[in-house]
Amino acid sequence: MTAAARSPRRSSAAIGVGRTRLPLRGFYLVLLAFLYLPILLLFLFAFSANRGLTFPIQGLTFDRFASVLENRQMLTAARNSLLVAVMAATAATALGLAVGVAATRLRFAGRGLLVGLAAAPLLIPYVVLAVGLFLMFTLLDVPRGIFTVAAAHSVIALPYATLILLARLLGLDPALEDAAMDLGASYPTTLRKVILPLLGPSLISAWLTCFIVSFDEIAIANLLAGRDATFPVFLYGQLRFAGQVPVLVAMAVLLLIGTLLLTILAQQIRSRD
Amino acid sequence: MLGRRGALAYLAVPPYLWLLGLFVLPLLVVVAVSLQPASGRIDFGAGWPSTNQYAHLADTPVYFRQLALSLAMAVGIAVTATLLAYPLAYFLAFRARERAGAFLILLLLPFATSFLLRIMAWKLLLGRDGAINWLLTTTGIATEPSTLLIYSRAAVIITLIYVWIPFAALPIYAALQRIDRSHLEAAADLGAGPWTRFFRVTVPLSLPGVLATLFMVFIPTVGEYVTPVLVGGPEGVMYGQLVQDFFTRAGNWPLGSALAVVMLLTTLALAAAAVKLIDLRRLA
């Protein structure tokens, strides 16, 4: 939050905007508890000595975390997810940057269509796209695996990258580029030396957002992963075996710590921008 | 030396090709396969295009009942999640002041937890050996654990609302933040009370965010199949599950494609209708 955004709120608060004293903070806290309680309860089971997900909890143990390291399939799935998310986030951010720069700096016939297309994956149920890609890859004899999942994820992450970068690019003064070019820089040099550094934080935040979108995605990965199960796909396959669940939860706790750090980082970078 | 126009033209080409190849083309392939005469795998043999699959769909009312039910569930979930998220967003935008950033992160953290695990968390609460049943039986309110809580349509609805709330608050929060506070001051100066200001100024100005939220929840919910599988049981089946099953279990791709096309068109038509409706009301 910038100081500029805060100050008008102060003055409006003085004239009594929101003088109706509804317990909004209470509502927020109750909903927050509603959001956190089930997750915290689930996390208890990473430390529970019970065989499955049953109450009451009989004792506490760290064994599950040791089992995580022995479960090769699970580690492979986690590695697949990581690879897919890195590839998808990198592709989506690069393409989103291209869309953003082209759309804000150049008037061309297909400009509106390009932005519309880049945002369109938000508007269709993922299962439809999943089915389409599944059929297309089958027709083209492309073997399913981490690359097909990454390609699909780059498409569903593209709207997020485009919207984040577009918002930032609209706020940049085009005169900066004119100045660089008047001083003799070619346009690619201008992009590299002027625009990219200014976009830095937005690029990082777009990449992290895309990473999270991909890392947690299941509907598409389930159809396109083939034998390279990603972590959500692996999890989905294992959930029906109750005895497995505590180990899965332990793995998820480990992964969560990673995602949490990423989310906080993304949010911090965006709010500083 | 590459000029500006040249460089920008090069920039627009890769995303265009990427989206045509990996977004537009697959959707066209679904349509093409749905027009296949025979069932089974892909086979563009004699008789293509044919409306066989759609004729079969039209003869099977259970698909339409399922689609209508899934759409109704998605609308209900989107509306409820939006209604619950609005006060949250309002609190963050108008009341939380300098702590808004921290409160926002707190709200978003659950969303960073694996989607599947958040669903599992509800299974843990509602399941036969879950927390609620354990509480009910140990306190003596119930003599026997109930299986009614889980594997029902209600369980699917509650779980999905739970999953969407943090996400739903974001577009509304963004819209509320953009509201120029001087409009509210002007309304106050002209004698509008707090409720009048809220319903005549704040709500109309936040409508774009509300609309964005409704779509961002509605569209993925229509195609959901993971939640119904995990907590819905036979009663909580949703349309997305039927589509998915034709590709994984049943292995009837043309019929699955036809189901997918129907879902896509219905979703887009409803979205377009909603945009029209709300635009008209804003003009009035």
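Looking only at residues of segment B:199-231 that are within 12 Å of another protein chain (Cβ to nearest Cβ) and of a type in the set (S, T, Y), we find that the one that is surrounded by the most Cβ atoms within 10 Å (Cβ to Cβ) is B:T221.
A single entry from A:G237, A:G226, A:G258, A:G171 fulfils the requirement of being surrounded by fewer than 22 Cβ atoms within 10 Å (Cβ to Cβ), away from chain B (no Cβ under 11 Å), under 30 Å from A:F137 (Cβ atoms) and small (G, A, S): A:G226. For the residues A:A118, A:A88, A:A77, the requirement of being of a type in the set (A, V, I, L, M, F, W, C) and either in a loop (DSSP other than H, G, I, E, B) or free of Cβ contacts under 8 Å to residues at least 60 places away in the same chain (or both) singles out A:A118. Within segment A:110-127, is there a residue that is over 30 Å from A:I269 (Cα atoms), at pLDDT 90 or above and among the hydrophobic types (A, V, I, L, M, F, W, C)? Yes, because at least one residue in segment A:110-127 is over 30 Å from A:I269 (Cα atoms), at pLDDT 90 or above and among the hydrophobic types (A, V, I, L, M, F, W, C). Among the residues of segment A:121-132, are any crowded, with 24+ Cβ neighbours inside 10 Å, in contact with a Pro (Cβ under 6 Å, 6 or more places away or on another chain) and facing another protein chain (nearest Cβ under 10 Å)? Among the residues of segment A:121-132, at least one is crowded, with 24+ Cβ neighbours inside 10 Å, in contact with a Pro (Cβ under 6 Å, 6 or more places away or on another chain) and facing another protein chain (nearest Cβ under 10 Å), which makes the answer yes. Just one residue in the set B:A155, B:A121 is in a helix (DSSP H, G or I) and without any contact (Cβ under 8 Å) to a residue 12 or more places away in the chain; that residue is B:A121.
Within segment B:135-144, the set of residues being in contact with a Ser or Thr (Cβ under 8 Å, 6 or more places away or on another chain) and surrounded by 13 or more Cβ atoms within 10 Å (Cβ to Cβ) comprises B:L136, B:T137. A single entry from B:I150, B:I132 fulfils the requirement of being more than 7 Å from chain A (Cβ to nearest Cβ), closer than 22 Å to B:A72 by Cα and modelled with pLDDT under 85: B:I150. Screening B:V13, B:V75 for residues that are within 9 Å of another protein chain (Cβ to nearest Cβ) and of a type in the set (V, I, T) leaves exactly one candidate, B:V13. Under the condition of being farther than 22 Å from B:R97 by Cβ, under 30 Å from the mean Cα position of the chain (by Cα) and β-branched (V, I, T), the residues counted in segment B:166-214 number 2. Considering the conditions (1) out of contact with any Ser or Thr (no Cβ under 8 Å at 6 or more places or on another chain); (2) in a loop (DSSP other than H, G, I, E, B), A:G226 is excluded by exactly one of them, (1).
Quick grid of which residues meet (1) more than 9 Å from every other protein chain (Cβ to nearest Cβ); (2) charged (D, E, K, R):
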| residue | (1), (2) |
| --- | --- |
| B:P26 | no, no |
| B:P37 | yes, no |
| B:R41 | no, yes |
| B:G45 | yes, no |
| B:A58 | yes, no |
| B:R65 | yes, yes |
| B:T80 | yes, no |
| B:F103 | no, no |
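Here is the figure for segment A:194-220: residues that are over 19 Å from A:L166 (Cα atoms), more than 11 Å from chain B (Cβ to nearest Cβ) and of a type outside the set (S, T, Y) total 0.
In the set B:L71, B:L35, B:L19, B:L27, only one residue is surrounded by 14 or more Cβ atoms within 10 Å (Cβ to Cβ) and either at pLDDT below 85 or in contact with a Leu (Cβ under 6 Å, 6 or more places away or on another chain) (or both); that residue is B:L19. Is it fair to say B:E185 is free of Cβ contacts under 8 Å to residues at least 12 places away in the same chain, among the acidic types (D, E) and at the interface with chain A (Cβ under 8 Å from one of its Cβ atoms)? Judged against the criteria, B:E185 is a match. Quick one: is B:A46 surrounded by fewer than 14 Cβ atoms within 10 Å (Cβ to Cβ), hydrophobic (A, V, I, L, M, F, W, C) and more than 30 Å from the chain's Cα centre (by Cα)? For B:A46, the condition - surrounded by fewer than 14 Cβ atoms within 10 Å (Cβ to Cβ), hydrophobic (A, V, I, L, M, F, W, C) and more than 30 Å from the chain's Cα centre (by Cα) - is met.
Can you pull out every residue in segment B:232-257 that is more than 11 Å from chain A (Cβ to nearest Cβ) and crowded, with 22+ Cβ neighbours inside 10 Å? Residues satisfying the conditions are B:G232, B:G236, B:L255.
For segment A:85-120: of the residues being of a type in the set (K, R) and within 9 Å of chain B (Cβ to nearest Cβ), which is surrounded by the most Cβ atoms within 10 Å (Cβ to Cβ)? Per the criteria, the residue is A:R105. Could you tell me whether A:R144 is in contact (Cβ under 8 Å) with a residue 60 or more places away in the chain and of a type in the set (D, E, K, R)? For A:R144, the condition - in contact (Cβ under 8 Å) with a residue 60 or more places away in the chain and of a type in the set (D, E, K, R) - is met. For segment A:195-211, check the following and say yes or no: at least one residue is in a loop (DSSP other than H, G, I, E, B) and either closer than 15 Å to A:A77 by Cα or polar (S, T, N, Q) (or both). Scanning segment A:195-211 turns up no residue that is in a loop (DSSP other than H, G, I, E, B) and either closer than 15 Å to A:A77 by Cα or polar (S, T, N, Q) (or both).
B:G193 meets all of the listed conditions (1) more than 13 Å from B:Y90 (Cβ to Cβ); (2) within 11 Å of another protein chain (Cβ to nearest Cβ); (3) modelled with pLDDT of 85 or more but one, namely (3). For segment A:240-249, the criterion of being hydrophobic (A, V, I, L, M, F, W, C), under 19 Å from the mean Cα position of the chain (by Cα) and not in a loop (DSSP other than H, G, I, E, B) is satisfied by no residue at all.
The values are calculated or read from the model by the stated rules, or taken from the named source; none is laboratory data. Note that this is a predicted model, so its numbers are computed, not measured. Positions of Cβ are generated from backbone atoms using ideal geometry, with glycine treated the same way; all protein chains shown enter the neighbour counts.
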